[in-house]
Structures are given as structure tokens and as C-alpha cells.
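Undergrad: Starting off with a structure, shown below.
The values are calculated or read from the model by the stated rules, or taken from the named source; none is laboratory data. Computed from a predicted model, the values in this text were never measured in an experiment. Positions of Cβ are backbone-derived with ideal geometry, glycine not excepted, and every protein chain shown enters the neighbour counts.
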Amino acid sequence: MARRISTTLLRPGMRLGRTLYDGHGRVLLRHGTLLRDAFIARLYPLFSFVYIDDEESHGIEVPETIPMELRLSVQNLISAEWQRIRSQASFERVTFERRFADKLRRNMKNLLDVLNNTTIIEEDLASLASHDNSTYVHSMNVTIYSLMIGSAMHLGDSTLIDLALGAILHDIGKLWIPLDVLNKPDRLSLDEFERMKRHTEIGHDILAQQIELSYAVANCALQHHERISGNGYPNGITGDDMHLFSKIIAVADVYDAMVMDRPYREGCAPGDVMEYLFSRVGVDFDLDVVSLFSRKVALYPVGTNVVLSDNTSGIVARLLPDLPSRPIVRLLADADGMPMEPTEVDLSQVLNLTITHSKGLAAMTVID
Ligand SMILES: [Fe+2]
């Protein structure tokens, strides 16, 4: 029972539609909490959007692709290890804690088990990120998307586990990039960009030293910013020389980064990002990877605000497994933007209507 609205539109008395966690995986506010001014003030700096539960969204369930306990188990494991290795003076001799790789592998296996029963990601995974946990949520989302693509390619389980390890650790080299460069909202200077690029080689060097990990995992850190036509970094190799894992992680990484909200900008709509990925096929990305990915992730996740071609607007209520691009939409506002009696329209049946915009339109569907 939820829909997504901008944090700026939260009002006392609204009910939270999804539990919110802080950067350490601790519950900030539980699903069902009635919001008060003090709560809203706490949420505002951390989240750009949250799910609320109201009469208009009654009965709409935002699916939970990955059980939160599993997500938090991975997040806590990684954040503890990151903290530990960040304190080590140099990346040239980093050693993981003795059981870290084993524990991570077990978690990746559990993740794969869940995803083996998932045909399409129906929720907006990027919406789980707050401004203080976005790194962990992003790594996890990249891993989920990579596994969805890899299993659509019928890779075997042990290959998929290596792909998952490569995806979850792909940005480990960023631990050695100064935070002011990492979090800079503006364009990086040439010098800063050169420093940023180094995270690929640093990550590779760290992972290649870990005897518990296969070299394919280290290679993901090295190659995930390489691009098919050779215009990526650090080595400018082309698609022929890129490992399949890197082609997969490159797509998953760019998709999640573009969809995710940042403190300084709202994330792009999933459908728009998918269009962008297709437009860069053969230049940046591999055709098979992008095509398979486009069938595994909902362009209009459940709970998303949408505007239809007749200017009516509402929220995505349900997805149809065979036709996820034409969901069932609960209309809440008429063509003039005036509130209307909630009515559901099944876009798989009503073919003369299309979705023209999604996301970022919260103001149009909030009825005070
Ligand atoms: Fe990266």
C-alpha cells in the first residue's frame, strides 16, 4: 500500500509506506509510522523520496525483491570490512579479514537463490538508497542487476557467484579516492578525473592479492569502466578484449547510477535510462547485455508516478508478467490535474493510451 512521493511534500499525519533504514542498516522509521514534524525533519536531509501509504494507494504493494535481512547482512558485512581496510595505510598490501570472502560468497549464493525465482525486478531498487547508504545500496543493486543478466545468459551457478563477487566489489578501489573528489556534485577537473579513474586499478590490485577470490573478480574492478568502442578507462580496451562480466557490470553500474537520486539531483526515470543504454549500444555497451537487461527490469516500477498520453496521471499499481511495459495504472488526477475518483486502467488492454512521463511528478498526484 504505497506510492512514492518527494520528501518535500511530506506532511504531518501521512503514513509511511515502507520501513526506512539509515546508513548502518538501523531502522529509522517503520512502515506504518504516522509522520510528525520531527520525523519529517529527520527524513528530509537523508531521502529525496519516500513511500507513503494513503487512501489513494490502498492495495498497491511495492514488492520486496530481496528480503531486507539479506540486503542488510551484505551491507553490514561490507561496511565493517571497508572500515577495517580503510584504516590500512596502503592499498598495496591489503588483506581481507580471514572469513570475509567466505561470508561474502555465502551471501552471494543466498542472493542468487532468491533471484532464481525472480522473473523481473518490479520495484525501484534505487529508491532504497538514502544519502548516507547509497554506496552500499548501489553495490548491491549492481550485483542484483548483474545476476539477472547473467542468469538470462544461462551462466552456471559458480560462474554467477564469481560475477556477483565481481559486482559487489567492483568499486572497492574508491576507498582510496579522496571524499571531496568522490562526492563532488560538479564536473570533475581533469586532474580530479585522473585521480578518480585510478579506482579501477587500485581495486584490481587489492582483489588480485586475495587468494580466496578468482582473478575474474579482480578483473571486474579493472574493466568495469571500459567501453565497447575503446573510449573507456583505464586502458581503453575494446569490446573484443573486455571480459563478459565487465560488459554486464558496466550496464548495471550505469543504469543504477543514473536512476538513483542524489542530494543534488533527482534520478532519471528507468525508461529514459533504458533508452539511453540502447542509444549507446555498440559504442559503450554490448547489445546482448542491454537487450537482456531491458527484459529483466520494470521500466515503470510499482508505486511510480506516471502521466498518460491523455494527460491523466496516477501511480503504477501492478505489473503484468508478460507485458511489463504496459502496467495497470491507478488514475488519481484528470487531464486538468484535478483529483478524481481513483480508477484503474489496464494498459495491456487500453492500447490507445501510453505512458508519457514517469517519476519526479509527485506534486501532480498528491492530494492534500
Ligand atoms: Fe567504478
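Undergrad: Can you confirm whether His204 is of a type outside the set (D, E, K, R), assigned to a loop (DSSP other than H, G, I, E, B) and either closer than 26 Å to Gly239 by Cα or within 14 Å of the ligand (Cβ to nearest atom) (or both)?
TA: no
Undergrad: Just for segment 133-170: of the residues that are buried (at least 22 other Cβ atoms within 10 Å of the Cβ) and not in a helix (DSSP H, G or I), which one is nearest to the ligand (Cβ to nearest atom)?
TA: This residue is His170.
Undergrad: Turning to a different aspect of this structure: Select from segment 210-240 the residues that are within 14 Å of the ligand (Cβ to nearest atom) and polar (S, T, N, Q) and write down the one among them that is surrounded by the fewest Cβ atoms within 10 Å (Cβ to Cβ).
TA: So, considering only residues that are within 14 Å of the ligand (Cβ to nearest atom) and polar (S, T, N, Q), the one surrounded by the fewest Cβ atoms within 10 Å (Cβ to Cβ) is Asn219.
Here is a yes/no grid of residues against (1) farther than 30 Å from Gln88 by Cα; (2) among the basic types (Lys, Arg); (3) touching a helix residue (DSSP H, G or I) at 6+ places or on another chain (Cβ under 7 Å):
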residue: Leu115; (1), (2), (3): yes, no, yes
residue: Ile121; (1), (2), (3): yes, no, yes
residue: Ala129; (1), (2), (3): no, no, yes
residue: Ser139; (1), (2), (3): no, no, yes
residue: Ser158; (1), (2), (3): yes, no, no
residue: Ile161; (1), (2), (3): no, no, yes
residue: Ile168; (1), (2), (3): no, no, yes
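Undergrad: Continuing with this model, one more query. Report yes if Val62 is at pLDDT 90 or above, not in a strand (DSSP E or B) and not assigned by TED's automatic domain parsing to the domain that holds Glu344, otherwise no. First the steps, then the outcome.
TA: On the way: at pLDDT 90 or above: no; not in a strand (DSSP E or B): yes; not assigned by TED's automatic domain parsing to the domain that holds Glu344: yes.
So Val62 fails the test.
Here is a yes/no grid of residues against (1) closer than 30 Å to Ile237 by Cα; (2) more than 18 Å from the chain's Cα centre (by Cα):
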position	(1), (2)
Val283	yes, yes
Lys296	yes, no
Tyr300	no, no
Thr304	no, no
Asn311	no, yes
Asp334	no, yes
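Undergrad: Separate question: Which of the residues spanning segment 241-270 are in a strand (DSSP E or B) and more than 16 Å from the ligand (Cβ to nearest atom)?
TA: Scanning segment 241-270 gives a single hit, Arg265.
Undergrad: Taking segment 321-356 as the region of interest, how many residues are in contact with a strand residue (DSSP E or B) (Cβ under 7 Å, 6 or more places away or on another chain), under 19 Å from Asp124 (Cα atoms) and surrounded by fewer than 20 Cβ atoms within 10 Å (Cβ to Cβ)?
TA: Going through segment 321-356 one residue at a time, the tally reaches 2.
Undergrad: Please tell me if Lys174 is out of contact with any Asp or Glu (no Cβ under 9 Å at 6 or more places or on another chain), charged (D, E, K, R) and either away from the ligand (no atom under 15 Å from the Cβ) or over 20 Å from Thr118 (Cβ atoms) (or both).
TA: In short, yes.
Undergrad: Tell me whether segment 185-194 contains one or more residues that are hydroxyl-bearing (Ser, Thr, Tyr), part of a helix (DSSP H, G or I) and away from the ligand (no atom under 16 Å from the Cβ).
TA: The initial filter retains those residues of segment 185-194 that are hydroxyl-bearing (Ser, Thr, Tyr), namely 189.
Now narrow it down to the ones that are part of a helix (DSSP H, G or I): none.
No, there is no match, as no residue in segment 185-194 is hydroxyl-bearing (Ser, Thr, Tyr), part of a helix (DSSP H, G or I) and away from the ligand (no atom under 16 Å from the Cβ).
Undergrad: Oh, and also: Based on what the data block shows, is Glu97 within 30 Å of Thr343 (Cβ to Cβ), charged (D, E, K, R) and part of a loop (DSSP other than H, G, I, E, B)?
TA: Considered against the rule, which asks whether it is within 30 Å of Thr343 (Cβ to Cβ), charged (D, E, K, R) and part of a loop (DSSP other than H, G, I, E, B), Glu97 comes out as no.
Undergrad: When Thr33 is evaluated against the numbered criteria (1) at positive phi; (2) surrounded by 13 or more Cβ atoms within 10 Å (Cβ to Cβ), which criterion, by number, is the only one it fails?
TA: If we test Thr33 against (1) at positive phi; (2) surrounded by 13 or more Cβ atoms within 10 Å (Cβ to Cβ), just (1) comes out false.
Undergrad: Could you list, ordered by first residue, the pairs with Cβ atoms under 7 Å in which the first is in segment 174-203 and over 16 Å from Tyr264 (Cα atoms) and modelled with pLDDT of 95 or more and the second is assigned to a helix (DSSP H, G or I) and basic (Lys, Arg), at least 6 apart or interchain?
TA: Every condition considered, the pairs that remain are His199/Lys174.
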